[in-house]
Structure formats: C-alpha cells, structure tokens
Protein chains: 2
Amino acid sequence: MIQYKAPIKDIQFLMNDVFDFQQHYQQIPGGEEATPDMVDAILGEAARFSEEVLSPLYQTGDDGCVFNDGDVTTPKGFREAYGQYVEGGWQGMSAPVEYGGQGLPLSLGVIKSEMIGTANWVWGMYPGLSLGAMNTIYMHGSEEQKQTYLVPLTEGRWTGTMCLTEPQCGTDLGQVKTKAVPNGDGSYAISGTKIFISSGEHDLTEQIVHIVLARLPDAPKGTKGISLFIVPKFNVNQDGSLGDRNPVVCGSIEEKMGIHGSSTCMMNFDGAKGFLIGPKNKGLMCMFTFMNTARIGTSIQGVGAAELSFQGALPYARERRSMRSLSGTKQPEKIADALIVHPDVRRMLLTQKAIAEGGRAMLYYAAQLADHMMAAHSRDDQAEYDRIDDKLGFLTPVLKAFLTELGYEAANQGVQVYGGHGFIKEWGMEQIIRDTQIAKLYEGTTGVQALDLLGRKVLLGKLKSFNEFHTVVKDFIKQHQNRSDMKPMIKQLKRYLLRWRLGTLRIAFMARKDRDMVGAASVDYLMFSGYVMMAYFWARMADSAYSAISRDPSQADFYRAKIHTAEFYFDRMLPRAKGHAKMMVKPARTLMQMSEDHFSF
Amino acid sequence: MIQYKAPIKDIQFLMNDVFDFQQHYQQIPGGEEATPDMVDAILGEAARFSEEVLSPLYQTGDDGCVFNDGDVTTPKGFREAYGQYVEGGWQGMSAPVEYGGQGLPLSLGVIKSEMIGTANWVWGMYPGLSLGAMNTIYMHGSEEQKQTYLVPLTEGRWTGTMCLTEPQCGTDLGQVKTKAVPNGDGSYAISGTKIFISSGEHDLTEQIVHIVLARLPDAPKGTKGISLFIVPKFNVNQDGSLGDRNPVVCGSIEEKMGIHGSSTCMMNFDGAKGFLIGPKNKGLMCMFTFMNTARIGTSIQGVGAAELSFQGALPYARERRSMRSLSGTKQPEKIADALIVHPDVRRMLLTQKAIAEGGRAMLYYAAQLADHMMAAHSRDDQAEYDRIDDKLGFLTPVLKAFLTELGYEAANQGVQVYGGHGFIKEWGMEQIIRDTQIAKLYEGTTGVQALDLLGRKVLLGKLKSFNEFHTVVKDFIKQHQNRSDMKPMIKQLKRYLLRWRLGTLRIAFMARKDRDMVGAASVDYLMFSGYVMMAYFWARMADSAYSAISRDPSQADFYRAKIHTAEFYFDRMLPRAKGHAKMMVKPARTLMQMSEDHFSF
C-alpha cells in the first residue's frame, strides 16, 4: 500500500521562496485572512486529513461503487470521510463569505485540492465536481438560486454535477439533444439522457444538484441554442427543506478502466423540473467562463499521479535489491545492490520527481493568476478580468494536457521501477495508471486542448497571450543571464524560447495557406510548449534555491536537491522537445494525403 | 467489441514483396514444405481460427481465471478453443518432425503466433509458454526426456511453464533459492516458491510440465550455481501415462492490471520430483540459449497491441461525428464531420498503423534470421549458429523493448481516438492498454533490455553486431541513393545512421571513464536505435511498394498507402529520435549526483 505523505516542504518552497504568496495575498481580497499562521494551519490540517483519512481509502476504493435500482453505494469509508470533510468546512474554504464560504483565496483551495487529489483522486472527485456546480451558480445564478443552492453546496451538505455529455456527443456540444420545455410557472421540464456524469448519484449527501445543458423549444441549432439549467434531485421547498423526488434518475453506472470509486452515471431526465440559469441560449458561453479554472482542477490529477507514483516507487527502489552497480558494488554486505544505485532507475525516479515538482510550480503560478482573476470579478472590473482570463487561458490547455500526459507517464515509470510487481494490484502502482488515464480524456482530450491552445488561444488571439508569456520568460532570462551558476540553464532556456517563437510564427504562416496545418501541428505544439514552460519554472526554482542556499547554508540539502532536479530536467527531459519542434512545423501533407478508404485493406 | 481481422494483405506484402520468403525457404531445412500453397493455406486457417474462435473470447476473457483450492478455471470458452487448437495441430507446426511436429520453418510459427496473439494475446499465452518449455527440452534434454515430455507438449496434449522468478528476485536470478536435493535414484526433490508463473495451473490440459531453476546442495553461489529441472505436475509412468500427483501446487493466482484470463500463479514446490536437464550449474546458460527467440515472442505483443487497437479505432473514427473540419465542412449532409477528417485523429491512427506495420516488418526480418539459426542448429554448425545468434541478439532487445513500448503507446492512442468512451470497458479499447502493460515488464523490463543491448550486445561485443546491422542499412542506402522517389527517405536514413554510429562511439568512449554511463544512456540508446531501425524497414517497404506499383499499377492503392505510411513515419515519428540522440550522450552526472537520501524530504 502506498501511504501518501504531503510534500509540505516543497509546497512551502513554492509558496515562500519561489512565488512569494505572502506578498501575493496582500493584493487579493480575502488575502488578508491568509496570514502565514493561517496558511500553515490549513496546510497542516489538509495534510493530516489527506494522509490519515483519504490515503488509506485509495486502494480499497478501487473495489468500486455498487449500483442498485437507481441507487449508488460508494466504497466503504467514503461516506465517513466525506462527513469529516464537511465538518472541517473544507468545501467552502475558497467560496464567497456571503454564501457560506470562508472567502480564502482560490489558490489555497488549489493547494488543498492537490493534497486531497494526490492522496485519493477518486474520492476527491465528489467534492471536486461540486466546485464546478458552485462556480456556475455563483457566476450566473440569480440571488435566489444562490441562496437556495449555492449555500448548501458551499457547506458541503449537498453536492453538484455538470451534465454535459450525451451518447452522441462529448466535445461537440452543439449536438446536445436534451430538451427543456417551459412549464409555464417559470420552471422547465427537462427530458433527455446524459452520460458520463461523475457523481451523478451517490450516498454521500441527501441532495444532488445537477447543472444541465439543454435546448429550449425555439432554440437555434448548434452551439448557439443551448441553455443551462439547475435540476435538483429533490425539489426544494420554500424553507430550503427537501420536497418531492424530481424525475432525474441514474439508469446505470459505467464499468471503467479506473476511478472505480467514482460513480460515472447515465442520468435519465424524464420531465424533471429545472430552472434556467444565465441567459437563454447562452449556456455554452456561461460554461466557458470558468473552463479555465476547471482545467486547472484536472491538471492537478497529473501532478498528483506523478507525486503519488513517485512516493510509491522511491521506497521500493531503496529496498528492493537486484544486481550490482556497473560502477562497482555499492553494498557488498548485501546479496545485491538496491535498485536505486542503477542509473536508469534513478532516471525514472527523477523523471517522476521533475514532473511532480515542475508541474506543481506550473499549477501554483496559474493559481495565483486565478486569484487575480477572482479579485477582478469581485471588484466588477470586467476588463481586468478578461485580461487575466486571457493569460490564464493560454496556460490552461498546456497545464491540462501536458501535465496529465506527463503525470500518466510518471505513473508508468513507477510501475517500471517495480518490474513485474508493478503489474500486481496489491502494490497500488498500476491503479495510478488506470485512474490517471481518464485525465487525458475528460474536460477535453489532449487533442482538444491542443486545438484550443494553438487554434484559439495562440492563432485566433493573434499571439497576444503567447507574447505575454514569452515576455515573462524573456525578462527572467535577461535578469539572470550573467550569473555563472545559472548559465547552462539560461542558455538552454533562451534557445528553446527562440525556437518556440520561430515555430509559432512559422505555423501561423503555414496555417494561412492550409487550415489543416493547425490540427496537424497542435499536439506537438502543445507538448513543445509544455516542455519549454516547465523549463522556465525549473529555472525559476533553481534560482530560488541558489538564493536560499546563500541565505542559509544550513538548509542546503533540500535546495541542492532542487537544483539537481532542475539540472536533470534540462539535461534529460527538455531535449524531448526537439522532436516536437521538428514535427510541429511539418506540412499537413503526410497526415492528409491518405484517402479514408486506404487506411486499411 | 473489436472484431479482429487478420491483415493478410499486409502479411503477404512482407512475405512476397519485401522479404521474399519463397526464396528464403529454399535455403532452410523444412522450407521445401513451405510451398506457396501450403503457406497460403496456413495463413488462411490461422486467420480463420484467430478471427472466429479467439477474437470473440478476447473481451469475455477479461473476466479472468478463478482459483479454488489449488485449481484454476480459465475463462469460458478458453478450453474449447484450446481443444480446436490441438486438433488443428498448431502447437507442433514449427517443431521437429522426430518429436511429433510438422517441421515447418520457425518464421511461419511466428506469423501464426502474431495472428493468434493479436486476436487474443491472453489466450495465446497458454500455448506460448509451452513453446518455451518445448525449446528448452529440445535444446538441452536427453533423448528420453524428449520422448517423454517433448512429444506430448508438441502435440499440445500437455502444456509447459518456465519457473524462474521467486519473491526476492526476477531479473537477478543469481538470488534464486529453490533447492534441488538428489533423491539417489537420479531424480531430485525440488523445494521452494516460484511466483509469476504464467499458465502454472489451468484446466486446458491434464498435465503441466514445469521447467524450474533451482540450486543443487553443493552449488556455487550466484548465477553459476543454478541448474534446470523438469518437474511434471503428474509423475509420468514408463508407458507415458500419468501417475501420482507431484507435490507442486498452485498456492494462489495474482490479481493484476490486465491479462486476467492468463493464470499468473504462485507455485509451491514441496519436495516435488524433478529431473535435471542440461549440465549441472549451467541452468542459466541453457535458458539463455533461446532467450532471443523468447524475446521475439514477447515483441509480438507490441505489434499485436498496435494492430488490434488500430482495428478498433479506425471504424470509430469513421463513424463517430464531432465538429467540422478546420479546412471546411466535409460532410455537410451530416450533423458533424467524422472524426477521421481531423488531422490530429489521423495522426493517431497513422501512428498506430506505422507501429503495427513497421513492427511487423522488424518481426519478420528477425524471424528469417531465427530460421537460419535453427537451420545451423540442425546442421550442427555451431559457428554459424553463434554468428546468427549474435546478429539476432543485437535485434531482440530492441524488438522486445521498443516494440512493446510503441505498442503500448499505440494502445493509448486508440483510447484517445475514442475520447471518454475509450475509458469504458465495453468498447474493449482500454483492455488493450491493461493487457499490454505487462509486455514492457516480463521477459526483462525495458530498462533490462536496454542494458542488454548497450552493455552486452554493443559494448561488450565490441560493436561487432552493431557494425553488421549498420552495414546492412548502409548497403541499402547505397543501392537506392540515386532514386528520386526515395530521395527524402534515403537522405534522412543516412543522417540518422551516421548519428547512430557517432553516438555509439561517443558512448563507448565515455563509458571507458565512467561505467555508469552505460546505464545512464541505455534506454535512450535503445529507443533511438529502435526508431532508426524502424526507419530502415519503412524505407525498405516503401522501396518494395514503388517496385510493385511499377510492376502492376492495378494494385496501386495498397502500395501507395504503404508509401504514404512510410512518409508519415519519416515525417512525424522518426524525429522523436532527436531527443533520444541528445540525451543518450549526456554524462551520467545529473542522474548520479543526487544523494539517495535527498530524493525526498
């Protein structure tokens, strides 16, 4: 069994040394509450809850949910853990005070979610999905809807879902068929079938609030005719108590590769009573307003997979003995040397470590931006909100796709460290692969994220957000280019940054003549962008580590390890970007020339 | 459900156009039997059996084996399928006539195994493991042992296993503890625990013949003190009938990530009667004599995973509709365009296709070498046998590791094509990932293969087999470098070949000063080698396709698709090798500098 241990020292390094969260919080409404003591207390409590309550439920949860005639029973212990979570007030930590939350910065919520999601991603999906519903209602609901639904969701007494996908469509939501017919009393009768609804039914709370995409009778075709509705499992009485059962029923749960403890439901809406949220026919737009924060949420799964798999692999590599080191026996008193003496085992461990820590840095950087965005929203400063949303929008497809792809790779490396034992369920290592696979699929596949990045964010955005991030990196390079300790990293970073710019311009140029160029280049472009971005964050971490060592040499071990990991990244991961750089500027020809009928004979 | 269809046209292309198997068979003893008609009949029958009998059992077999008090029940239908397999005489197809086989070339057996293993790898493991036991007895057994055990194994009436791994060791077999104590009558009492024994217990046959690594009482420590024993489940009477139950019992079966239908057994030997096979204390050497053919066997799993996942993904990409093509609507009469219009979906499909077909070519090339090796063995020409074994030994770690890594990637691409649906068991796509994961682990992990390639085969072998393969590719380049149609491929191939040579020399040079350089470079070196090797085979296939088109333009569609896939490979897969080239020549420093205690804080 893998026992999760929250990487508090690493989290504090990012919060204090790299990103100066204290100073950051002074600029954010609600930030004044996030004093160093408060932050420490929250980190400590979240760590304790994740380690002691959630981590032991990770492997047992793989037994899965049980479906019985519309009801879903979650794995043993999930319900009790959820009770403790609600009692601790965790769900509302970063939610607005006026609706029952504690009003702490969103970034603290991300850090809390990282711990929870690393210890037990599957359990974390229940409160995680609720956050999506809470966001929707907060951003688009009426005051009455907020009082009725948002408050109990924030308290964690109720949970929420997002009902988007239907059998015929997932990515292409313009094909949604679910109908919403006005009842005449301001409410709507919702009818249709939704699939892949995470937490659609469960036994953690008495009430479930569904956010549903559906079409009004007179709606235009396609994406411009979709509206958003609140559909509660139980109708809610005036006094907030639960009334009749609404005809929205779980028809079955899916048998999946992983995340067995998370219920993935087919939901049948049979004239269920729903309430319009946001303007008519603007449902998709409303959804997209917080797509960026949702995607940050999913990228956590990649970081968590890398961290947990690393935590599982490291002790095994230290304890398991196999062969002798090629550079001479290291432990002559033992029957064989420990796995960790072998360079290739170290390569796998360091790959996991570099992904976990590099990904965490990317995540926290994005979380700070999200704080600023929420601050702009609370100040009603739409221009500033849009400006930051653009910045964040450039990062999020990379975070979502790149970090989940790399997290999945890290989970695979963890199994490789175990050899054949990694394939055996008992050790828990293969479960991380199975559970992480979905991260590359939901909230938009890697391919969809890549099109979003290159097609929308970069090209349609006329390179604006690209240039902004580019400038951030360039400034960092300028500031440090004369330092001898950072020289090799800065040199590389400069070279890759240039290549990023040139590649982007070249693709933009080529895409003008051939629109298929965008799709052809997209995934390689995203992966290339991810490797360069992560290189920037590793350079920043190395820089902070150098500073910390000269400030206080007594803590040098931790910081030196950070520099070593950065050096590893530049030496043995960043060069992967070379292939992507080459492939992303190839014309689309070799993808498009084969006739559909000739793929197989 | 994925219905497997044997890629007969592609197999024939390799056999006839690329590798001229007819001419090849004229040089091989037993090859005279492999007439074109015979080959066609075998391909047809193997295809029919794989498609009609095995393919329908693939997904249902995922329900797994049932263990009950020492007995194992295989999934429904496995037993009946095995009966048909035995009836068809498939097990002895490439086995020597004098022991009940048909004496056909080994390569035909590989092609048969490819079809079986693609349709249902898990089922195929039962007869597949038997082949290992058959090889051992054929190469090292006494005439009496051959008559007693090899004949019924060849007929398929019995199956065999290889019992190597123990709880404390897998790769490092020097740690084997299982004991063999002489009984005084020429037999031995075998005691110990073996784990991960595929097909160790099952209900397909009445008898199971275990080949077991164990130590004699006076054996030297480590790898030089291990001997090989035959331990039958039932002792065999003089007349060949089954006698007493031997105390070798399955204690449990493993719960695994995949290959659920294959029993992975813990085997307890409690003074079981065994018979020495081969010379005392030379057990590991005996095992290694056919390691190369065993590894070819495992590499089939990579090719099969790519092929099956491609066959699953292609119809979905044609039928599922999502969004519109960026270069303009392709199917205006439909609600959306089919997935296959999108360049990135094509990239994934072509990646799968290039891996399956490129891997198949590598496999068949190696199979021809194996034919020559067996021919040398039957002529008792040890020098020639060793010469070819060296050649093959250079290829096999690449085939085993590179093709299983890429097959696994292809299986992942297949799931990506399906989006969220790929995660659902019903479609069968995620099962291919779970079943293929083990291919990267058993028969030596990717890391172990990489050390074997670089450390043993290349460096210890003083680059001899490397140079031989290098010359093969160089000759091909010379022969075709003035052809305008092949120009871009030849140019690339030349460049990568040079880089391979320079990289190899550089690693050899660096390793002289730092032995850890070998382990540090190994996996990148193997992957680089794999990409260049596959490029060579794609260039050969393109060459054959060009020739075929000019010979008979009426069949041009098939051959043109082949050229298109080759172009895709050179354009969008081969450049991945660049990163590996860069990383494989880095000093080991960034892997070794971190102290073991500083991996985590």
Inset, instruction - With only Lys, Arg, Asp and Glu charged, each at its Cβ (+1 for the first two, -1 for the last two), find how big the charge dipole of the protein assembly as shown is about the Cα centre; round to the nearest 20 debye. - result: 5260
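Which percent of the Cα-Cα distances in the range B:238-334 go past 23 Å?
Numbers: 3048 of 4656 pairs.
Here the long-distance tail beyond 23 Å is 65 percent of all Cα pairs in the range B:238-334.
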Inset, instruction - Rounded to the nearest 500, what is the 222 nm mean residue ellipticity of chain A from helices alone, with -39500 (n - 2.57) per DSSP H run of 4+ residues and division by all residues? - result: -16500 deg cm²/dmol
Legend entry - Exam field: A:N482 pseudo-label spacings to other copies (7 Å along Cα-Cβ), nanometres: 6.0
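When the convex hull of the C-alpha atoms of the range A:159-281 is computed, what volume per residue in Å³ does it have? Don't jump to the answer; show the numbers that get you there.
On the way: hull volume 12.8 nm³, N = 123.
Dividing the Cα hull volume of the range A:159-281 by its residues yields 104 Å³.
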Inset, instruction - Quick one: angle between helix B:464-480 and the longest Cα principal axis of chain B, in degrees between 0 and 90, rounded to 10, please. - result: 30
Inset, instruction - Would you mind calculating the gained length between A:R589 and A:D380 on full extension (0.36 nm times residue separation, minus the Cα-Cα distance), in nm to one decimal? - result: 70.5 nm
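Over all pairs of distinct alpha carbons, what does the Kirkwood formula give as the hydrodynamic radius of the range B:462-589, in Å? Could you put the intermediate results ahead of the total?
Numbers: mean 1/r = 0.0636 Å⁻¹.
Radius from the Kirkwood sum: 15.7 Å.
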Legend entry - 7 Å along Cα→Cβ, label-point gaps from B:P332 to other copies, nm, shortest first: 8.3
Legend entry - Net charge dipole size for chain B [Lys, Arg +1 and Asp, Glu -1 on Cβ; Debye, nearest 20]: 3060
Inset, instruction - Using R₀ = 60 Å, calculate the FRET efficiency as 1/(1 + (r/R₀)^6) where r is the Cβ-Cβ separation of B:S600 and A:K224; round to 0.05. - result: 0.70
Legend entry - Crossing angle, helix A:78-87 versus chain A [Cα axis fit, 0-90 degrees, rounded to tens]: 90
Legend entry - chain A: angle of helix A:106-140 to the longest principal axis, Cα-based, in degrees nearest 10: 40
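Only sites in a loop by DSSP and with at most 15 other Cβ atoms within 10 Å count here; which trypsin sites (Lys or Arg not before Pro) in the range B:397-500 make the cut? Kindly include the intermediate steps, with their values, before the conclusion.
On the way: sites: B:K400, B:K425, B:R434, B:K440, B:R456, B:K457, B:K462, B:K464, B:K474, B:K478, B:R483, B:K491, B:K494, B:R495, B:R499; in loops: B:K462, B:R483.
In loop regions of the range B:397-500 (DSSP not H, G, I, E or B), the sparsely surrounded trypsin sites (Lys or Arg not before Pro) are B:K462, B:R483.
Please compute the volume of the convex hull spanned by the alpha-carbon atoms of the range B:64-201 and report it per residue in Å³. Write down the numbers at each step before the final one.
On the way: hull volume 19.8 nm³, N = 138.
It is 144 Å³ per residue.
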Inset, instruction - In debye, nearest 20, what is the charge dipole magnitude of the range B:8-140 about its Cα centre with +1 on Lys and Arg Cβ and -1 on Asp and Glu Cβ, if you could check? - result: 180
Legend entry - Computed over the protein assembly as shown, Cα set: Rg, Dmax in Å: 30.5, 96
Legend entry - Per DSSP, loop trypsin sites (Lys or Arg not before Pro) in the range B:540-601 with at most 13 further Cβ within 10 Å: none
Legend entry - Over 26 Å [Cα-Cα, the range B:8-140], rounded percent: 28
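From the cross-link list A:K5/B:K194; B:K194/B:K256; A:K5/A:K562; A:K440/B:K578; B:K256/B:K391, which pairs have alpha carbons spaced over 27 Å apart? Mind dumping the intermediate values first?
Numbers: A:K5/B:K194 34 Å; B:K194/B:K256 17 Å; A:K5/A:K562 18 Å; A:K440/B:K578 25 Å; B:K256/B:K391 35 Å.
Cα-Cα > 27 Å for A:K5/B:K194; B:K256/B:K391; rest within.
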Legend entry - Euclidean distance of C-alpha centroids, the range B:257-283 and the range A:38-110, integer Å: 47
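What's the Kirkwood radius of the range B:290-444 in Å, using all Cα pairs? Don't skip to the end; give the middle numbers.
Values: mean 1/r = 0.0587 Å⁻¹.
Averaging 1/r across every pair of different Cα atoms and inverting gives 17.0 Å.
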Legend entry - 17 Å cut-off, amide nitrogen to a point 7 angstrom out along B:D270 Cα→Cβ, residues in the range B:203-234: B:232-234
Inset, instruction - Obtain the nm distance between the two label points defined at B:R515 and B:S241 by a simple spin-label model: each point lies 7 Å from its Cα along the Cα-to-C-beta direction. - result: 5.8
Inset, instruction - Between copies, how far apart are the B:D386 label points? List them in nm, one decimal, shortest first, with each point 7 Å from Cα toward Cβ, please? - result: 7.9
Inset, instruction - Among A:G503, A:Y408, A:V181, pick out the residue whose Cα is farthest towards the positive end of the charge dipole of chain A, where Lys and Arg carry +1 and Asp and Glu carry -1 on C-beta, about the Cα centre. - result: A:G503
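As an exercise, identify the GluC sites (Glu not before Pro) in the range A:260-335 lying in DSSP coil whose Cβ has no more than 10 other Cβ atoms within 10 Å. Please report the intermediate quantities before stating the final value.
Details: sites: A:E307, A:E319, A:E333; in loops: A:E333.
For GluC sites (Glu not before Pro) across the range A:260-335 that sit outside H, G, I, E and B with at most 10 neighbouring Cβ atoms in 10 Å, the list reads A:E333.
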Inset, instruction - Along Cα→Cβ, 7 Å out, is where each label goes; now give me the distance between the ones at A:M38 and B:R551 in nm to one decimal. - result: 7.9
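I need the fraction of alpha carbon pairs in the range A:370-516 separated by more than 28 Å, rounded to a whole percent. Provide the component values of the computation, followed by the final result.
Details: 4518 of 10731 pairs.
So the portion of pairs separated by more than 28 Å is 42 percent.
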Legend entry - Expected-Rg normalisation [2.2 N^0.38 Å, Cα atoms] applied to the range A:433-478: 1.56
Inset, instruction - Give the Rg/Rh ratio for chain B, taking Rg as the radius of gyration of the Cα atoms and Rh as the Kirkwood radius, to two decimals. - result: 0.97
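Laboratory data are not the source of any read-out in this text; all were calculated from the coordinates shown. Keep in mind the model is a prediction, meaning the values are calculated, not measured. Heads up, the Cβs are rebuilt from the backbone with ideal geometry, glycines too, and the neighbour counts pull from every protein chain shown.
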